[in-house]
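Here the structure is laid out as structure tokens; the discussion comes afterwards.
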Amino acid sequence: MRIFRAVAAVLLVTQAMPALADRDPYSGAPLPPATHEPASPITDHFYIRAAFYTPKYNTPVNAENDLGLAHRERQGVVDFMFRLRDRNKVRVGYFESKRSGNQVLANDIVFGNQTFPAGELAQTSFDLEQFNITYTYSFIRTNRFEVGSGLALYFLQLDVIGQVPAQGLRQEVTAATPFPALPLDLTWCLSRRWAATAQAAYLKVNTHNLSGSYLDTHADIQYRWVPNFVVGAGYASIRTDLTHRSGSFPGVVNMTIRGPQVFVRFSF
């Protein structure tokens, strides 16, 4: 009997708590009903986005045709966003590409400091990893529009291996470096369920041994199926136009990766 009385007391207190919480603690008067912002990319405090990406690759030395590397890939991309306060956001992204190919060379190919002769079978691998952290402050933020900028930090690693087994030739070119970029984030809530977003990060550099630019862009249209689940489609592009004046394999630092994406996004 005591147990039943204790359970009944807990239930009574639990039922009374919402009523007490809805009243002013000093006067006891009822509080006005709380207003909740509708779920949107502007009010999301966190999201994880998983995308299916089919990028197309282009390199100045035409590594896709000359070395047999795939022109297009099918792969997944993941990124996260954390909203620290109403106007402060941190976005984390990761992109990885691993390509390889075999091709009988139609012409001589200069690979690093070696020349691969025409008529020989060349084996090539081209691996790229990109990790980025972007902080933005929204200097414009309304119910429908958000515009922000801040600082992005990119970590880029490239590893290219080429070899001609019949001639005993092998060359590996590796580059790994962090670099900053200037980001810009745009959000436009078209309606209660539809929204458009765009992000870009840009770097321009000119030093005694390195010059050029780096541009990473993404734009999409998204539909909020339910408050915590979004589907969408977009287009992403990475354009690297960096030149080593000291001389290096140009395909390592000069390339374009671009293509469509479809994605799902979970947020709250």
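Entry comment: accessible area of region 121-268 is 50 Å² per residue, from protein heavy atoms only and a probe of 1.4 Å. What residues of region 63-107 lie in the reach of a label at GLU120, counting those whose backbone N is under 15 Å from a point 7 Å from the Cα along Cα→Cβ? Residues passing the 15 Å test: 67, 103-107.
Cross-link partners of LYS56 among lysines, defined as those whose alpha carbon lies under 29 angstrom from its own and excluding same-chain residues fewer than eight positions apart: LYS98, LYS204. Inter-part distance, region 85-154 to region 191-237, computed on C-alpha centroids, equals 13 Å.
The base-10 log of I(q)/I(0) for region 178-231, evaluated at q = 0.14 Å⁻¹, reads -0.53 [Debye formula, identical scatterers on Cα atoms, solvent excluded]. Over region 38-109, the reciprocal of the mean inverse Cα-Cα separation, the Kirkwood hydrodynamic radius, stands at 15.4 Å.
The simple Förster model, with R0 at 30 Å and r as the Cβ-Cβ distance, assigns VAL262 and ARG192 a FRET efficiency of 0.85. Take HIS45: with every protein chain present and a 1.4 Å probe, its accessible area is about 100 Å². Placing PHE80, PHE139 in order of accessible area, with the largest value first and a 1.4 Å probe, yields PHE139, PHE80.
The values are calculated or read from the model by the stated rules, or taken from the named source; none is laboratory data. None of the values given here were measured: they were computed from a predicted structure. Neighbour counts run over all protein chains shown; Cβ positions are idealised from the backbone, glycine included. We work out accessible area using only protein heavy atoms, side chains counted, and drop any ligands, DNA or RNA first. Shrake-Rupley method; radii C 1.70, N 1.55, O 1.52, S 1.80 Å.
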